[in-house]
1. Of the conditions (1) in contact with a Pro (Cβ under 9 Å, 6 or more places away or on another chain); (2) open to solvent by 60 Å² or more (accessible area, probe 1.4 Å); (3) not polar (S, T, N, Q), residue 175 fails just one. Which one is it?
2. For the subset of the stretch 141-155 comprising residues that are under 17 Å from residue 179 (Cα atoms), in contact (Cβ under 8 Å) with a residue 40 or more places away in the chain and of a type outside the set (Ser, Thr, Tyr), which member is surrounded by the fewest Cβ atoms within 10 Å (Cβ to Cβ)?
3. Taking the stretch 204-234 only, how many residues are assigned to a loop (DSSP other than H, G, I, E, B), open to solvent by less than 60 Å² (accessible area, probe 1.4 Å) and among the small types (Gly, Ala, Ser)?
4. So is residue 257 open to solvent by 50 Å² or more (accessible area, probe 1.4 Å), assigned by the TED database to the domain that holds residue 345 and within 30 Å of residue 336 (Cα to Cα) or not?
5. What helices (runs of 4 or more DSSP H), lying completely within the stretch 235-336, carry at least 1 residues that are farther than 30 Å from residue 222 by Cα, polar (S, T, N, Q) and out of contact with any Asp or Glu (no Cβ under 7 Å at 6 or more places or on another chain)?
6. Please tell me if residue 270 is open to solvent by less than 70 Å² (accessible area, probe 1.4 Å), more than 19 Å from residue 193 (Cα to Cα) and in contact with a Ser or Thr (Cβ under 9 Å, 6 or more places away or on another chain).
7. Looking at the stretch 312-338, I want the residues that are basic (Lys, Arg) and have a partner that is surrounded by 14 or more Cβ atoms within 10 Å (Cβ to Cβ) with Cβ atoms under 7 Å, at least 6 apart or on another chain. Which pairs are those?
8. Being in contact with a helix residue (DSSP H, G or I) (Cβ under 6 Å, 6 or more places away or on another chain), aromatic (Phe, Trp, Tyr), surrounded by 12 or more Cβ atoms within 10 Å (Cβ to Cβ) and outside the structural domain of residue 166 (by the TED database): is that true of residue 277 here?
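The values are calculated or read from the model by the stated rules, or taken from the named source; none is laboratory data. None of the values given here were measured: they were computed from a predicted structure. Don't worry about glycine lacking a Cβ; one is built from the backbone with ideal geometry, like all the others, and counts go over all protein chains shown. Each accessible area value is taken on the protein alone, full model and side chains, heavy atoms only, with ligands, DNA and RNA left out. Shrake-Rupley method; radii C 1.70, N 1.55, O 1.52, S 1.80 Å.
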Amino acid sequence: MDKYKQIWIAICSVALLAVSASADDVVVLTEDNFEKEVGQDRGALIEFYAPWCGHCKKLAPEYEKLGTSFKKAKSVLIGKVDCDEHKSLCSKYGVSGYPTVQWFPKGSLEPKKYEGPRTAESLAEFVNSEGGTNVKIAAAPSSVVVLTADNFNEVVLDESKDVLVEFYAPWCGHCKNLAPTYEKVAAAFKSEDDVVIANLDADKYRDIGEKYGVSGFPTLKFFPKGNKAGEDYEGGRDLEDFVTFINEKSGTSRDAKGQLTSKAGIVEPLDALVKEFVAASNDEKKAVFSRLEEEVEKLEGSTARYGKIYLKSAKNCMEKGSDYAKKEIERLQRMLDKSISPAKADEFTLKKNILSTFA
C-alpha cells in the first residue's frame with residue numbers, strides 16, 4: 001500500500017476515535033489513563049460498573065445527564081470504569097458490587113464512597129458539595145401533557161384523541177417511581193397526533209379525581225375516542241407494557257424508543273390485492289391496480305394516508321419495473337441509517353414497510 005495512503009488512513013482513524021470519544025460526556029477510564037485523569041488538578045466522580053448489571057443500566061441515563069451537565073465545569077471530571085474489562089483497577093479501589101460511585105478529591109487517589117440516591121439531581125448536589133461547584137441539572141423538556149381544572153375536559157374529552165391519564169399526588173412514592181417510565185411512554189408517542197399521554201395532580205384537583213373514582217395513587221385511566229367515561233388501566237407498569245397497551249388500543253405501531261415498527265402502515269385488506277398485483281402479468285396489472293384504487297377510496301383516517309402510499313408504490317412498480325420495490329427499499333434503508341429527523345424517519349419507514357409487500 002502507498003505510504004501516503006497509509007498515513008491518510010491513520011489520520012482518519014484517529015479522527016474517528018476523537019469523534020467517538022467526544023460523543024459521550026462521561027469520560028471512559030481504563031487502566032492506562034485512570035491516574036492521568038484522576039487525582040490530578042480536578043476532583044472526579046467515578047462510576048465503577050459492569051455492562052450486564054441491571055442497576056448500572058438503570059443509572060446510565062441519569063449518569064449521562066450528570067456528565068452532560070458538568071461538561072463545562074473544568075474543576076470536575078465525571079468518569080466511568082468498565083469493571084469487566086478492568087478488574088484489577090476496580091479491585092484496587094475496593095469495588096465489590098455494581099454500580100459503585102466514588103469521589104476522588106483534587107490531587108488525591110483516596111476515594112470517598114457516594115451513598116446517596118442514584119438520580120442526576122442527587123449526584124449533582126453531592127459533586128457540588130465536594131467540588132465547590134454550582135452546577136444544576138438542566139430539566140429535559142417533558143412530553144407529558146400537564147392537566148389542570150382549566151384544560152382537563154378540552155384534552156381528555158376530545159373525541160378525536162386517545163388519552164392515557166395518570167392521576168398522581170406529588171408526595172406519593174409510587175408516583176415518583178413511575179415518573180421516569182411515564183415520561184418515556186409520552187416520548188414514544190409524541191409523534192402520534194391522535195394519542196395523548198397526560199397526568200393530573202389529583203391531590204390538588206381532588207374534585208376531578210373523585211369524579212373519576214380515584215382513591216389511590218397513582219391511578220391510570222384510559223379515555224379512548226369512543227369511551228370518554230374512562231377505562232381503568234390494569235396492565236403492567238414497565239415501558240413495554242404501556243407501549244403494547246397503547247399500540248393495541250390506538251392501532252399505532254411504535255416501539256419503546258418511539259420508532260415505527262415493521263407493521264406500521266400495513267393495511268391488511270390491501271395485502272391480498274398486492275399479492276395479485278405482484279403475480280399478475282404486465283397487461284393484467286392495470287386491472288388489479290383499478291381494484292386497488294377502489295379499495296383505497298373506502299379507507300378512512302390514517303389508513304387512507306397509507307392507501308395512497310400503496311397506490312403510488314404500485315404505480316411506480318408498473319412504470320419502473322419489477323425490481324423497483326427492492327431497489328427503493330434499499331435506498332430508503334440507507335436514508336434511515338443516517339441521522340434524520342423523527343418525522344423523516346417515520347415517512348421513510350412507512351414507505352419501506354408498504355414497499356416490502358410489493359418486493
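1. (2)
2. First pass over the stretch 141-155, keeping only residues under 17 Å from residue 179 (Cα atoms): 141-147.
So of that shortlist, the ones also in contact (Cβ under 8 Å) with a residue 40 or more places away in the chain come out as 142-147.
Remaining after also requiring of a type outside the set (Ser, Thr, Tyr): 144-147.
Numbers: 144: 18, 145: 17, 146: 11, 147: 24.
Of everything passing the filter in the stretch 141-155, 146 is surrounded by the fewest Cβ atoms within 10 Å (Cβ to Cβ).
3. 3
4. On the way: open to solvent by 50 Å² or more (accessible area, probe 1.4 Å): yes; assigned by the TED database to the domain that holds residue 345: no; within 30 Å of residue 336 (Cα to Cα): yes.
So residue 257 fails the test.
5. Values: elements: 239-250, 268-279, 282-297, 302-320, 324-336.
Hits in the stretch 235-336: 282-297, 302-320, 324-336.
6. Numbers: open to solvent by less than 70 Å² (accessible area, probe 1.4 Å): yes; more than 19 Å from residue 193 (Cα to Cα): yes; in contact with a Ser or Thr (Cβ under 9 Å, 6 or more places away or on another chain): yes.
Judged against the criteria, residue 270 is a match.
7. Qualifying pairs under 7 Å: 326/359.
8. On the way: in contact with a helix residue (DSSP H, G or I) (Cβ under 6 Å, 6 or more places away or on another chain): yes; aromatic (Phe, Trp, Tyr): yes; surrounded by 12 or more Cβ atoms within 10 Å (Cβ to Cβ): yes; outside the structural domain of residue 166 (by the TED database): yes.
The answer is yes for residue 277.
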